[in-house]
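Notes to accompany the following structure.
The values are calculated or read from the model by the stated rules, or taken from the named source; none is laboratory data. On a predicted model such as this, the values are computed, not experimentally measured, just so you know. Counting neighbours? That spans all protein chains shown, and the Cβs are built from the backbone with ideal geometry, glycine included. We work out accessible area using only protein heavy atoms, side chains counted, and drop any ligands, DNA or RNA first. Shrake-Rupley method; radii C 1.70, N 1.55, O 1.52, S 1.80 Å.
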2 protein chains.
Amino acid sequence: MTAAYDRLKARFARIATLGEAQAMLHWDASAMMPPGGAAARGEQLATLAGLSHDLLTAPEVAGDLADAAAQGEWDAANLELMRRAHARATALPTALVEAMARANSACETIWREAKARSDFALVRPALEEVVRLQREMAQALSAALGLSPYDALMEGYQRGVTAAEVEPVFAAYEAFLAEALPRAEAIQSRRPAPRPLPGPFPVAAQRALCRRMSERVGLDYAHARLDESLHPFCGGTPSDVRITTFYAEEDVAKALMGVLHETGHAQYERGLPEAWARQPVGEAAGMAAHESQSLIVEMQACRSDAFLSFLGRELLAAFGGDPAPYATENLAGLWRRVSRGFIRVDADELTYPAHVILRFRLERAMIGGRLEVADLPGAWNEGLRALLGIAPPDDARGCLQDIHWHDGAFGYFPSYTLGAMAAAQLMQAARREVPGLDEALALGEMLPLMGWLREKVHAQGSRLGFQDLLRHATGKSLDPGDFMAHLRARYLEG
Amino acid sequence: MTAAYDRLKARFARIATLGEAQAMLHWDASAMMPPGGAAARGEQLATLAGLSHDLLTAPEVAGDLADAAAQGEWDAANLELMRRAHARATALPTALVEAMARANSACETIWREAKARSDFALVRPALEEVVRLQREMAQALSAALGLSPYDALMEGYQRGVTAAEVEPVFAAYEAFLAEALPRAEAIQSRRPAPRPLPGPFPVAAQRALCRRMSERVGLDYAHARLDESLHPFCGGTPSDVRITTFYAEEDVAKALMGVLHETGHAQYERGLPEAWARQPVGEAAGMAAHESQSLIVEMQACRSDAFLSFLGRELLAAFGGDPAPYATENLAGLWRRVSRGFIRVDADELTYPAHVILRFRLERAMIGGRLEVADLPGAWNEGLRALLGIAPPDDARGCLQDIHWHDGAFGYFPSYTLGAMAAAQLMQAARREVPGLDEALALGEMLPLMGWLREKVHAQGSRLGFQDLLRHATGKSLDPGDFMAHLRARYLEG
């Protein structure tokens, strides 16, 4: 029945519009809100989330989903996404949802203290409760969705890829890294140390440069803002994207590379299919897909020799002084430096996957009941040593470093590396299909790449899951070989 | 039944929280949003308004209101306000509400063009439709609320005062003005013309000064922001107020006096009773009450000789240069200039009420069916001549100047002058009750006045309607004599 489907479309449009309001309030909370507004903002977001949940789980939805019929590929995909969203929302008893909200919030608060003191024992009971409830949630979703418990969690962040597909990809990367990392370090150590950029970099000039560079990537400020927040992010809505960054006078790379990264996210939102706006199939395809779009801009395009040559000229024009540190090779030495470290968010693109592989395996084992919270610090340290040959000196730089688990986010971590690998795979396909792509990058021209991404990725919305999207855009499912080839070319030839 | 009342409190808290989300989205639309976000923002606000209306008019509300019992004065007032809100929301058929939304939106669009061309005939049909629907709404509300049709509209903006109370007050002012205006002009013309402030006033320095002065009034930026928008306003929520202004390099008074005005509004919101947050009785008491709080700060306190002497020193410190123009008498000459003009928003405090009296009488006659839209330009010009002795050279400077009627706002205009009069009445009471109030103002100390207002006005929420609030705070209902005495002292002694 198309009448049932039409009712569902109207309902999901209303839910999406509430989601837009929530997105704007989240952005405001991070970029604008005075501290005294936090309590009221929490209430506002909770009320909107509650109304969304009510709309999604209203008694008449199940009947409409049973009756609905959709013609054509996009409508069929849309209806299937509605069914998944409804199944996920109704699979969990209200008592469990509320218990998780309380447990996550309590654990996150304690975690801040535990991390500051590097005291895992402090957060352990709270984290055990979080994991207990996550296991319960995973079981409930698993039964409703026909996925393994861990896959059911992962689907909440990225649809269309399973842990069984991820593990061999990650294992191949682990093997690659064991050989590639020492070689990259050796090559790096033979080169002269890069000269630091002189600085300081006045914030007003950084802001203007960041805006100009994001416009180079294609961001249209009639539909966007660039502001500041402690933790940079891309928020807002497809017709009104809000990106943020953080300026430090002594370091221009942090803000600039951050803005280019967030611009990749923003351009994905901007390029979503307007005809499907506010429908599930019109949304971005998931967190790994989203990360592929930020990383193809930041890591693949903007840290390429070609773009760095352009960027060096722009930086020199913006800040003046000695031109030597702005030479391409020097910028490459500064901004593509490989280093074994303890901290994921500080990692380079070669070692970053090791941090993700570690977390993926640990969280999968925790959800599967094969690893208990009490054993987490030991397993973490052992795992990092196996992957990178180093062990954290304390838990603050070990299993306490990330907020994710302590806030109840299990199944998210793989997205970072799936995104990085997908970015390399997409870049290789774009290079094949778009003539003169690198020549354009050397002139600071991103539009050939972005036009290709718009058609192959952005305009696809959520029609396809992760693997299908890659097959559609690149002719094959996730293949870590393209990422390794990219890393070989960048770090192992010298 | 307290259970029914408790359910209502939970429901109205939810409605108020949705209202907070709408307030933040409105602020963002005016102060932050890129132009391309406008269409989506309209959808977001419409969706939230629709959900609020659904919550207010849900079938179970009538039963709860019938069953509810409230103990104590505040709860009784709260329940009565719930009843009024429900009665207002259910009195209007959906078809009428939708027809008004369409007619108002269409008329407002045409009005912009008509005003630009000064062509009343262009907007006349659209305005006739707006007036026809406003009459219908007034009739429907009148029947449901037991008020006259015009009073039913006015109650939507300001509860607790009737047109029958307003008319004699306005008539008294008209008589006062006929005598006072020529005298004020004669006194002013005998004085030397004030010297303009030198300028330019760099925007960054204006911004810092405006913020500092708003802090003088007591605004706490842990719960507030000051930003920029084309039309200054006070928005946000009680724990997170957002005021805006507009900076022009050549004119510091515009931004500064605007910020002081909006700070008066903001402090009202900040001082509302926290124990009644998100309940109808915890809201501000209406638009006239609100305007009394902005005007007591801007007009009564900040344009007083005492505060101008402080402000002159602050301006000199901020902008430097020749100190002479910053002398109190010169600032008074600049910022308290009386002049007969056509435009309400540019009017001084002596002639401003004439603009409001004109509009009050015309809109009351239109709603009462005694004046047709076709006769509006003639009635306007005749009315302004009777009040101020001048007639607009065209309708753009006449009946087309304000957006209000063209956007379906009838019954709002009296609030401006009721607020101005209430501000004078409150100031006189504060002077009586707070020792050293003017001595404090001369030192830039606003807190004695603001402390008194917090107790007498802000903390009262909506417990009392306009007249009762004045009786509570000043011992008498609206008395134009205090406003006239203020104007005599300021403009007729010299």
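Here are the numbers:
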item	result
Failed item, numbered, when B:Asp402 is tested on (1) farther than 30 Å from B:Ala114 by Cα; (2) crowded, with 18+ Cβ neighbours inside 10 Å; (3) among the charged types (D, E, K, R)	(1)
Complete set of residues in segment B:1-48 that are in contact with a His (Cβ under 8 Å, 6 or more places away or on another chain) and within 24 Å of B:Pro59 (Cα to Cα)	B:Leu45
Pair list, Cβ < 8 Å and 6+ apart or interchain, from segment A:134-162 residues that are among the basic types (Lys, Arg) to residues that are open to solvent by 50 Å² or more (accessible area, probe 1.4 Å)	A:Arg159/A:Arg84
Pairs with Cβ under 7 Å, 6+ apart, first in segment B:309-324 and assigned by TED's automatic domain parsing to the domain that holds B:Ala255, second part of a loop (DSSP other than H, G, I, E, B) and surrounded by fewer than 18 Cβ atoms within 10 Å (Cβ to Cβ)	B:Phe310/B:Leu443; B:Gly312/B:Ala327; B:Leu316/B:Pro323; B:Gly321/B:Pro198; B:Asp322/B:Pro198; B:Ala324/B:Arg195
Scope segment A:235-254; condition more than 13 Å from chain B (Cβ to nearest Cβ), in contact (Cβ under 8 Å) with a residue 60 or more places away in the chain and open to solvent by 10 Å² or more (accessible area, probe 1.4 Å); matching residues	A:Ala253
Meets criteria (in a loop (DSSP other than H, G, I, E, B), open to solvent by 10 Å² or more (accessible area, probe 1.4 Å) and among the aliphatic types (A, V, I, L, M)) for A:Leu387	no
Near pairs, Cβ below 6 angstrom, 6+ apart or cross-chain, from segment B:471-494 (open to solvent by 50 Å² or more (accessible area, probe 1.4 Å)) to any residue that is among the small types (Gly, Ala, Ser)	B:Arg471/B:Ser477
Residue within segment A:25-45 that is within 14 Å of chain B (Cβ to nearest Cβ), within 20 Å of A:Gly286 (Cα to Cα) and buried (at least 20 other Cβ atoms within 10 Å of the Cβ) present	yes
Of all residues making up segment B:8-24, the number that are touching a residue at least 60 places away in the same chain (Cβ under 8 Å), open to solvent by 20 Å² or more (accessible area, probe 1.4 Å) and more than 9 Å from chain A (Cβ to nearest Cβ)	3
Positions within segment A:313-333 being more than 19 Å from A:Ala442 (Cβ to Cβ) and either under 30 Å from the mean Cα position of the chain (by Cα) or open to solvent by 40 Å² or more (accessible area, probe 1.4 Å) (or both), in sequence order	A:Phe319, A:Gly321, A:Asp322, A:Ala324
Some residue of segment B:160-178 being open to solvent by 50 Å² or more (accessible area, probe 1.4 Å), out of contact with any Pro (no Cβ under 8 Å at 6 or more places or on another chain) and hydroxyl-bearing (Ser, Thr, Tyr)	no
Of all residues in segment A:46-55 being open to solvent by 30 Å² or more (accessible area, probe 1.4 Å) and of a type in the set (A, V, I, L, M, F, W, C), the one that is nearest to the other protein chains (Cβ to nearest Cβ)	A:Ala46
Count of residues meeting criterion [out of contact with any Leu (no Cβ under 9 Å at 6 or more places or on another chain) and not in a strand (DSSP E or B)] in segment B:212-241	12
Hits in segment A:201-221 (condition: within 12 Å of chain B (Cβ to nearest Cβ) and closer than 19 Å to A:His458 by Cα)	A:Leu219, A:Asp220, A:Tyr221
Residue that is farthest from B:Ala126 (Cα to Cα) [pool: residues in segment B:92-104 that are surrounded by 14 or more Cβ atoms within 10 Å (Cβ to Cβ) and touching a residue at least 40 places away in the same chain (Cβ under 8 Å)]	B:Leu92
Subset tally (residues that are among the polar types (S, T, N, Q) and open to solvent by less than 50 Å² (accessible area, probe 1.4 Å)) for segment A:56-74	1
Condition check for B:Gln293: in contact with a Phe, Trp or Tyr (Cβ under 7 Å, 6 or more places away or on another chain) and away from chain A (no Cβ under 14 Å)	yes
Test: residue in segment A:278-295 that is crowded, with 23+ Cβ neighbours inside 10 Å and part of a loop (DSSP other than H, G, I, E, B)	yes
Which listed residue is part of a helix (DSSP H, G or I), of a type outside the set (D, E, K, R) and under 30 Å from A:Asn78 (Cβ atoms), from A:Leu147, A:Leu209, A:Leu127, A:Leu141	A:Leu141
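To keep it simple, each residue is scored yes or no on (1) surrounded by fewer than 17 Cβ atoms within 10 Å (Cβ to Cβ); (2) of a type in the set (A, V, I, L, M); (3) in contact with a Leu (Cβ under 7 Å, 6 or more places away or on another chain).
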position: A:Thr90; (1), (2), (3): yes, no, no
position: A:Cys107; (1), (2), (3): no, no, yes
position: A:Arg112; (1), (2), (3): yes, no, no
position: A:Arg135; (1), (2), (3): no, no, no
